Every structure is written in C-alpha cells, then in structure tokens.
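Below: the structure, in structure tokens.
The values are calculated or read from the model by the stated rules, or taken from the named source; none is laboratory data. None of the values given here were measured: they were computed from a predicted structure. Note that we place each Cβ from the backbone using ideal geometry, even for glycine, and neighbour counts take in every protein chain shown. SASA here: full protein model, heavy atoms, side chains in, ligands and nucleic acids out. Shrake-Rupley method; radii C 1.70, N 1.55, O 1.52, S 1.80 Å.
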Amino acid sequence: MSRLDQLRNSLPPWWNRATAGVVIAFAIIFPLLFGQSSSFLDATTTALAYVVMALGLNIVVGFAGLLDLGYVAFFAFGAYTVGWFASSFYFKAHVHSFWLSAVAAHGPGIHLNFILLVIVAMVICAIAGVLIGLPTLRLRGDYIAIVTLGFGEIIRVFATNGDGIHIFGGTLTAGRQGIPVVDQPRPLPFIDSFNSLNLRPWYWTALVMVFIVLFCNVRLRDSRLGRAWIAIREDEVAAASMGVPLVRTKLLAYATGAAFGGMAGVFLGSYLTTVNSDQFQFGFSIFVLAMIILGGLGSIWGVVVGAMLLSYINKYFIPDVFDKVANSLHLGFQPSDLSFGIFGFLLVIIMLLRPEGLLPERRRQMELKEGVGADEALALEVSA
C-alpha cells in the first residue's frame, strides 16, 4: 500500500464531505474575488464549459473505452441550436417563448429561452450520438476512432458550406460568416442579467451545469449501466458472454456523452455571442481528449482537473502571461503560435512521468502497476 493510500485510509469518514463542502462554497464565491469583466474570470467560465464537455467525452472514452475523435460535432450541434432557435437567423419565422427579453419578444426569428435550448440541444445531440454510434458497433480500437473522425469532419464541412443549403426559407448555416447576435439568456433565479461586461452570471450558470453533470457522472459510474460500460472497456468479449447487451450499452454511452457535449455547446454559443463554422475544427476534439488523458481516463475528478488545467493554459496563461513574457524578453515569436506544441509537450511529459494521469481512476492505476493485471486489480479493489 502506497503512502497516499495510507493517508487516505487514516482520514476520518467525514473528511470527503467536508472537503466537498469547502470546495463548493469557494467555487460559489470565487467570482466575487475578481472584477466583473476580469480576464481570469473569463478564462474560468470557459474552463467550466470545457469541464462539462470533457466529462461527456469521458463517458464515451473513459467509461466505455470507445475512442471518439469527432466529439466536436456535438459542440457544433449545441452551438447551432442557439443559432437556429435563439436569434433572427430564420427571420421569416416568428416563434417566441416565455421568459424572453422585450427586444427578443418583438424581433423576427425563433427565440426560445435558454433552458429550453439546453433541453432541445441535448435531445438533438443524443439522437446524433446514436446515429454516429451505429456504424461503429462492430468496430474496435483505432477503427472506431477513424469512423468518428470522419463524422466530425462531415459535420464541419456541412457547417462551412451550409450557407448553400436552403431550408425553411433560409440556409442551414451561415458558413464562415457565422450567426451573430444570438439571444442572451434571461436572468435566472438568484442570477443577474447576462452581458459581456458582467461575467459573474455566466460563471454561476456554468458552475451549476458542472454540478449537474458531475452528479450524473457519479451516479452513472456507480450504476449497473456504468459497470456495464467498464466491463466493455476491460474486455468486450467477456462482457458479452456475461450477458451485457453490447448494442444498447454502447449506444447509451454515445447518446449520454453527446447530450453533455450539446449542453456545453449551447452555453458556449450564447457566451461567445456568435456561431461560426471555424469554431468546429478537428483540433478541438483532440483538445478535449487531451483533457481526459491528462487527468486520467475514466477518472471523474481527474477529468475536471485536466480540463481546468488545459483550459487555463490555452485561455489565460499562453495569451496573457506567456505572450507578455515573450514580448518583454524580445524573443521574436508569440507562444500562442505554439499552443498545440505546448499541449503536446505536456502530454508527452505526463505519459512518461505519470501514464495513468494526474488523478487516475483507482482500477486503472492498479492495472498500470507492474505485475498487476485487470483481474487482479479488480480483486484488489474489491478487497480494499
């Protein structure tokens, strides 16, 4: 038993709940420590949205072991849900729902409130996840990655060239021009109005989404469905022989992960105030996947740490801190131009020093120890 495990066992039983309470309380008051339009608060809000997306992908990759390289497609579906149903993009339509601002209530187009948008996006993405998952049911390993990569690129091409596809008196997308001026969410209970000069409402909304997705992840991991996902990840043939329905279980993983990705896409579409096809590049899928690898495949809290860390590096440290240092030293280049190289360097270091991730899942950590196999790791976990 390692020193870390001994320390965990020596802690009182109430320690975990007390720690969780302190962390939640600090997360709630966190934006009050910064200005309303602080760049660090902006980076944190974006990081929370990425946490939601990474937790969704972790269900597919970390729990079920299905390598998905086209996860950006669900970000696109969620963001375009905002563009379609919360703007004047389809100006010939006049559909309005309750809880809207006076400006949106009298403007052309379709204007649904934020909560309805989240529900609609999750349904759309869940259906899309099932459709994307169907061709991969008989595939394994790298072949799943190739197929999902292809679907992600298909969605990106449709987003880029959708301005030439006419539907419902308009076009499918606005292409590279984008859909600007999407509706801002109406004030929610205990949250002020949303605008670009006050980021605190955006932060608290993203934080609530993180809490909801964390609760769902924990409950799913400990459920019968979660154990079925882990069984498929460890040995698909053995799982099938033990009565696990492979088709239904895999499709539920794709649908659940896609729904959470759509939820984050709705938030980011509203937060960025525009939906542009250039946002849905293949590199974004790799970026979210890197969060999971950095934190630890299948580890819920590891994914949270990995997503926050990479988001801060990408959104705050590289453009705000590293670029200023480079300018002061007259290096002649901007670190922001090398962002993917920095991410790659971090992943290489993590794989060499801690291949199981920063906060690994206990079973995976035991599996990666020399001389401990998957069956022995499961027996050790049960006995512990």
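Residues that are under 23 Å from L41 (Cβ atoms), part of a helix (DSSP H, G or I) and open to solvent by 50 Å² or more (accessible area, probe 1.4 Å): does region 188-196 have at least one? Within region 188-196, none of the residues are under 23 Å from L41 (Cβ atoms), part of a helix (DSSP H, G or I) and open to solvent by 50 Å² or more (accessible area, probe 1.4 Å). With the condition kept exactly as written, say whether any residue in region 231-238 is surrounded by 20 or more Cβ atoms within 10 Å (Cβ to Cβ) and in contact (Cβ under 8 Å) with a residue 24 or more places away in the chain. Yes, region 231-238 contains a residue that is surrounded by 20 or more Cβ atoms within 10 Å (Cβ to Cβ) and in contact (Cβ under 8 Å) with a residue 24 or more places away in the chain.
If you check R219, R176 for being part of a helix (DSSP H, G or I), among the basic types (K, R) and over 22 Å from the mean Cα position of the chain (by Cα), only one passes: R176. The set of residues in region 124-173 that are in a helix (DSSP H, G or I), more than 30 Å from D235 (Cα to Cα) and not acidic (D, E) comprises I124, I154, I155, R156, V157, F158, A159, T160, N161, G162, G164. Checking the stated criteria, I154 turns out to be surrounded by fewer than 18 Cβ atoms within 10 Å (Cβ to Cβ), out of contact with any Pro (no Cβ under 8 Å at 6 or more places or on another chain) and modelled with pLDDT of 80 or more. Answer with yes or no whether T46 is modelled with pLDDT of 90 or more, of a type in the set (S, T, N, Q) and either assigned to a helix (DSSP H, G or I) or surrounded by fewer than 22 Cβ atoms within 10 Å (Cβ to Cβ) (or both). Criteria met by T46. The C-beta contact set for region 337-365 (first residue farther than 26 Å from I230 by Cβ and polar (S, T, N, Q), second residue open to solvent by less than 50 Å² (accessible area, probe 1.4 Å) and at pLDDT below 80, distance under 6 angstrom, 6+ apart or interchain) comprises S339/I318. For region 240-255, the criterion of a residue being among the aromatic types (F, W, Y), more than 30 Å from F26 (Cβ to Cβ) and open to solvent by less than 10 Å² (accessible area, probe 1.4 Å) is satisfied by at least one position.
Please find, within region 292-318, the residue that is least open to solvent (accessible area, probe 1.4 Å) out of those that are among the hydroxyl-bearing types (S, T, Y) and part of a helix (DSSP H, G or I). Once the filter is applied, the top-ranked residue is S311.
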